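The values are calculated or read from the model by the stated rules, or taken from the named source; none is laboratory data. Small disclaimer: the values here were computed from a predicted structure and weren't measured. Don't worry about glycine lacking a Cβ; one is built from the backbone with ideal geometry, like all the others, and counts go over all protein chains shown. Surface areas here come from the heavy atoms of the whole protein model, side chains and all, with no ligands, DNA or RNA. Shrake-Rupley method; radii C 1.70, N 1.55, O 1.52, S 1.80 Å.
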Amino acid sequence: MIRVLIADGNEHTLAGVKNLLNNEPGFEVLAQASDGESVIDLISADVVPDVVLTDVHLPRINGILLAGHISRNFPFIKTIMFTVEEQEHYLIDAFKSGIKSYLTKSIARDELIFAIGQVNQGKYYMCTQLASRLTLLFLKGTEMTSLIVEPNIEFSGREMEVLQLIADGCTNQEIADQLFTSKRTVEGHRQSMINKTGVRNTPALVKYAMRYNLMKTREDATRSTRT
């Protein structure tokens, strides 16, 4: 019996996958959760599955961070990413975090069942759709690092100064004091950068900027402001 814990922020996905697996011989849905923190709480409370099936975008703790936590603290639990996200940078980050399989939600029922079985045996598995696409890219000589699409985003010099101070742990008021401006103006720059990147909050903004090398040195930012 393969015991599965399903984590997804969409209640319809939770219900659908739970129903599918509970009607499949050899599978048991041990628990379900709508956010990453609840998964950790369940496992810590001795609800221990063989496989965690998780989405990338979970509230509170996202699927990639969750997979990393499970890999470090509960290495006997295998994690599968089950998501609509097909961009290669999600795939790369997910496997780096310790997952065993990456599946898109468009896969057929039989492939989902097969993937969980493979992962339960300690094997890696990538869904056919993504595997075929990556194979074609490799045959064309595309390197893995080139699969990460760099965002076409530009921050102003003042936004860069604000971003650097945010990364340094400064509050809005502290940033305003250092830049001789108002707290409201700082908040406006912060929100502008969040809007440009499409992230949800300030920690995600800093992570995004670091991932794509959008952070400049303080000297560069100051020079950009003066020019």
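With the gyration tensor restricted to C-alpha atoms of the range 36-89, the semi-axes of the equivalent ellipsoid amount to 19, 12, 9 Å, longest first. Please work out the Cα center distance from the range 1-42 to the range 70-130, rounded to the nearest Å. Using only Cα atoms, the two centres lie 15 Å from each other. Gain on full extension, evaluated as 0.36 nm per residue between M210 and S156 minus their Cα-Cα distance, stands at 17.8 nm. Our coupling estimate for the range 79-88, obtained by passing each phi through the Karplus curve with A = 6.51, B = -1.76, C = 1.60 and θ = phi - 60°, is 10, 10, 8, 10, 8, 8, 6, 10, 5, 5 Hz, Gly and Pro reported as x. With R₀ fixed at 30 Å, the C-beta to C-beta distance from I92 to Q178 puts the FRET efficiency at about 0.25. For the range 1-87, the square roots of the Cα gyration tensor eigenvalues, ordered a ≥ b ≥ c, give a/c of at least 1.5 with a/b no greater than b/c, which places it in the oblate category.
For the residues Y208, Y124, Y102, a GNM of the chain with alpha-carbon springs under 10 Å puts the largest fluctuation on Y208. Can you give me the angle between helix 157-167 and the longest principal axis of the chain, using Cα atoms only, in degrees from 0 to 90, rounded to the nearest 10? On a 0 to 90 degree scale, this one is about 60. The solvent-accessible area of R109, taken with every protein chain present and a 1.4 Å probe, is close to 110 Å². Rolling a 1.4 Å probe over the protein chains gives M160 an accessible area of about 10 Å².
According to the calculation over all Cα-Cα pairs in the chain, the P(r) per 10 Å bin from zero is 7, 28, 26, 20, 13, 4, 0 %. Based on DSSP H runs of at least 4 residues, each adding -39500 (n - 2.57), what is the mean residue ellipticity at 222 nm of the chain after dividing by all its residues, to the nearest 500 deg cm²/dmol? My calculation for the chain gives -16000 deg cm²/dmol from helical runs alone.
Note on V206: accessible area is roughly 30 Å² with a 1.4 Å probe, heavy atoms of protein only.
Would you look at the GNM of the chain, springs on alpha carbons closer than 10 Å, and say which of G16, G63, G198 moves the most? Highest fluctuation of the listed residues: G198.
For the chain, the share of accessible area belonging to carbon and sulfur comes to 51 percent (1.4 Å probe, ligands and nucleic acids excluded).
Mind checking the log10 I(q)/I(0) for the range 15-66 at q = 0.16, 0.25, 0.28 Å⁻¹? Debye, one equal scatterer per Cα, no solvent, two decimals. Listed by q, the Debye log ratios stand at -0.48, -1.02, -1.15.
Among S192, S34, what's the order by accessible area (1.4 angstrom probe), most exposed first? Mind dumping the intermediate values first?
Values: S192 35, S34 60 Å².
Sorted by accessible area, descending: S34, S192.
Taking a point 7 angstrom from the Cα of E37 along the C-beta vector, which residues in the range 66-82 have backbone N less than 19 Å away? Flagged as within label range: 66-70.
Once a ≥ b ≥ c are taken as the square roots of the eigenvalues of the Cα gyration tensor of the range 8-142, is the result rounded (a/c under 1.5), prolate (a/b larger than b/c) or oblate (a/b not larger than b/c)? Note, shape of the range 8-142 comes out prolate.
Rounded to the nearest 20 debye, the dipole size of the chain about its Cα centre is 420 debye, using +1 on the Cβ of Lys and Arg and -1 on the Cβ of Asp and Glu. Take the chain with all the other protein chains still there, run a 1.4 Å probe, and you get 53 Å² of accessible area per residue.
Helix 202-211 axis versus longest C-alpha principal axis of the chain: approximately 90°, rounded to the nearest ten.
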